[in-house]
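**Q** Quick one: the structure is below, and I'll ask about it shortly.
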Amino acid sequence: MNRKIGMWVIAIVLTAVVSVSGTAYYFGVGPFAKGRTKLVVSTTTSLYDTGLLDAIEDQFEAKYPIDIYLISAGTGIAITYAQRGDSDMILVHEPSRERAFLEEGYGVCRKIIAYNFFTIVGPRSDPAGINGSSTTEALDKIVAAGRSGATKWISRGDDSGTHTKEKSLWNAAGINWAEIRDEDWYLETGAGMGQTLLVADHFSAYTLADMGTYLKYEKDGKIDLEVLVGQGQDLLNVYSAIACNKTRFPKAIFEGAITFIKFLISDEGQRIISEYGQAYYNQGLFYPAVKLLKDNSDPALVEWIQDYAFFDGYECPPQYRDDHPELYG
Amino acid sequence: MTLEINSEIIQITLRSLYISGVATLLSVSWSLPIGVIIGLKNFPGKHLIKGFFNALLGIPTVALGLFIYLLISSSGPFGFLNLWLTPSAMIIGQAILITPIMVSFTTSAVESIDPKIKDLARTLGASETQVSLAVLRESVNGVFLAVTASFNRAIAELGVAYMMGMNLRGRTRVLTTYIGLEYERANWGSVIAAAIILLSIVFAVSLSMNLIQRRRA
């Protein structure tokens, strides 16, 4: 009897090993990767939901022996994956967290790759009357209108870069976010930008959106919301790439991450960013940042970016540049 | 609105079928013997084990997904296998997920067989393995049901597929995670197409199993 059980165990183990390794072999993953490196990139939803990263991935993979694995999550979660050693680099838009990521030794070689603007969107009827207001005035009016039952505010509520931005805007307007979040006109979706826009549309409510995602959903006819406040300095949105520190994560695909960052800031990568969506939306969803910062072609805008997303006057302070000064030439 | 059936959705459908199909086979390889042994033999703790598998029948897929993620992610004990974000991880996760269904259904099927068949087989001089096989032959309808239910649970679940594969385009994207993403992107044409495909698979599998059973009966 014992021998039979032994046979069963061997048979089961064999089946398990054969089917799992067969699958791994078939898909060319795990130990069977076919000479291509697997680079895991955790990224913010706005870059992903717009389809920009799919476009970049295709062009990059055609050129380099590196397969990009894109995990799309809010900036907070994207950073958490990197801190756990589950991703090799991050693409995010939250300068304060990026700074901590560098200072705590998780990341190196930060490069600003693109920018656009956050925007406060709402129903065409604009029940709170914020059209043309400054950001601070607009938020004041929304609170008043919300409390009177005339409208709602929809928040991402997911610890993403956009969510952090929203909280800092309430703060700058002198409104206590912790207080209003419990009021019944303030809803949190806990979801990505796209879904939050759909919820805002459903309730004819206001929300803070990044311009890229808003434009995509608006032009595709999925939402009927209008840009009411936009383009101000306090609504600037800056996207950066940061590689995971190879000293801290010896198993991270560091050179692969650097290769991808170099591609993103190359003329080709920047062209993909600037042209993405041009044909369909008649305007880009994201603006390339590399040439702008290098040539200082629009000093006012460059100053905004420096104020918002530079650390001690650098996009990446020299002590966090690892062995890649060429990124900052 | 038009339903969008393109090469991407077909590729995703095939990947779904492959992953959940292999997961079912894998699970059968260990669940069937376990189920038959629990159903046939009497041993101390038998009710405890049966209760254990029954309790796991409705295990939340997200909880199981999270648990396996912690085991196989880079900082987990099995991180060196580099399984996270691969179809293999999804297969293993789904195979574990459906094991309680396979075991419980097989056990009940075997237990529902008239014990006289066992005695008869023994009096006819059958060995223990032959007795087991005889009972298995009698309970084959129940086993079919177990396999069908398991496959359908695997192909229709979201939590494990998402947490193991993270919905990577062209790599680990399956029907359920695709539906989740396209819903977020509000692409109703493809979301509805994918949902119809998923429903069709589940119904078709159940139906064909039904037909097989009826022909046997």
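**Q** With each pseudo-label sitting 7 Å past Cα toward Cβ, what's the A:Gln233-A:Ala150 distance in nm, one decimal?
**A** 3.0 nm
**Q** Please give the charge dipole size of the stretch B:1-155, origin at the Cα centre, charges +1 on K and R Cβ atoms and -1 on D and E Cβ atoms. Round to the nearest 20 debye. Intermediate results must be reported in sequence, preceding the final value.
**A** Values: 9 positive and 7 negative charges, 75 e Å.
Computed about the Cα centre, the dipole is about 360 debye.
**Q** Once both labels are modelled 7 Å past Cα along the beta-carbon direction, what's the B:Leu70-A:Asp312 spacing in nm?
**A** According to this spin-label approximation, the distance is 3.8 nm.
**Q** For chain B, what are the DSSP H helices with axial Cα length of 30 Å or more and mean Kyte-Doolittle hydropathy of at least -0.5? Please list the in-between numbers first.
**A** Values: long enough: B:7-40 (48 Å, 1.35); B:87-111 (35 Å, 1.26); B:188-216 (42 Å, 1.28).
Correct list, ordered by number: B:7-40, B:87-111, B:188-216.
**Q** Also, I was wondering about something else. State the percent of C-alpha pairs, over all pairs in the stretch A:152-250, separated by a distance greater than 22 angstrom. Intermediate results must be reported in sequence, preceding the final value.
**A** Working: 1679 of 4851 pairs.
In whole percent, the share of Cα-Cα pairs in the stretch A:152-250 beyond 22 Å is 35.
**Q** Using a 10 Å cut-off on Cβ to Cβ distances, tally the other chain neighbours for every residue of B:74-86 and report the average as a whole number.
**A** Values: counts 9, 5, 3, 0, 0, 4, 1, 4, 7, 5, 4, 8, 11.
Mean inter-chain Cβ contacts per residue within 10 Å come to 5.
**Q** Take B:Phe43, B:Phe144 and order them by how many other Cβ atoms sit within 10 Å, fewest up front.
**A** Values: B:Phe43 8, B:Phe144 17.
So the ranking, lowest neighbour count to highest, is B:Phe43, B:Phe144.
**Q** Report, ordered by chain and residue number, the lysines lying within cross-link reach of A:Lys222, taken as a straight Cα distance under 25 Å and ignoring same-chain residues fewer than 8 apart.
**A** Cross-link targets: A:Lys152, A:Lys165.
**Q** Would you work out the relative contact order for chain A, in percent, from Cα pairs under 8 angstrom that are 6 or more residues apart?
**A** Working: 546 pairs, mean separation 77.8, N = 329.
Normalised by residue count, the contact order of chain A is 24 percent.
**Q** Something else now. Per residue of the protein assembly as shown, what 222 nm ellipticity follows from adding -39500 (n - 2.57) for every DSSP H run with n ≥ 4, rounded to the nearest 500? List each step's numbers first, then the result.
**A** On the way: 25 runs with 315 residues, N = 546.
-18000 deg cm²/dmol, from helical runs alone.
**Q** Now for a separate question. Scattering from the C-alpha atoms of the protein assembly as shown alone, worked out with Debye: what is log10 I(q)/I(0) at q = 0.09, 0.12 1/Å?
**A** With no solvent term, the Cα-only Debye profile gives -0.75, -1.14.
**Q** What is the mean number of Cβ atoms from other protein chains located within 10 Å of the Cβ atom of each residue in peptide B:180-192, rounded to a whole number?
**A** Per-residue shielding by partner chains comes out at 4.
**Q** With the calculation restricted to Cα positions, what are the radius of gyration and Dmax of chain B in angstrom?
**A** When restricted to the Cα atoms of chain B, Rg and Dmax are 19.8, 68 Å.
**Q** Also, I was wondering about something else. Return the average number of partner chain Cβ atoms within 10 angstrom of each residue Cβ along peptide B:25-37.
**A** Values: counts 2, 7, 1, 1, 9, 7, 1, 2, 6, 2, 0, 0, 2.
Going residue by residue through B:25-37 and averaging, the value is 3.
**Q** Tell me which of A:Cys316, A:Ala73, A:Leu235 sits at the most positive position along the dipole axis of chain A, charges placed on C-beta atoms (Lys, Arg +1; Asp, Glu -1).
**A** Farthest towards the positive end: A:Ala73.
**Q** With N set to the number of residues, divide the alpha-carbon radius of gyration of the stretch A:172-218 by 2.2 N^0.38 Å and report two decimals. Mind showing how you got there, number by number?
**A** Numbers: Rg = 11.9 Å, N = 47, 2.2 N^0.38 = 9.5 Å.
Here the answer is 1.25, to two decimals.
**Q** Here's something else I'd like to know. Could you work out how far helix A:254-265 tilts from the main Cα principal axis of chain A, as a 0 to 90 degree angle to the nearest 10?
**A** With both axes taken from Cα atoms, the answer is about 40 degrees.
Read the figures in this text as sums done on the coordinates, not as results from a lab. Owing to the predicted nature of the structure, the values given are computational and were not obtained by experimental measurement. When we count neighbours, we look across all protein chains shown, and the Cβ atoms used for this are built from the backbone with ideal geometry, even at glycine.
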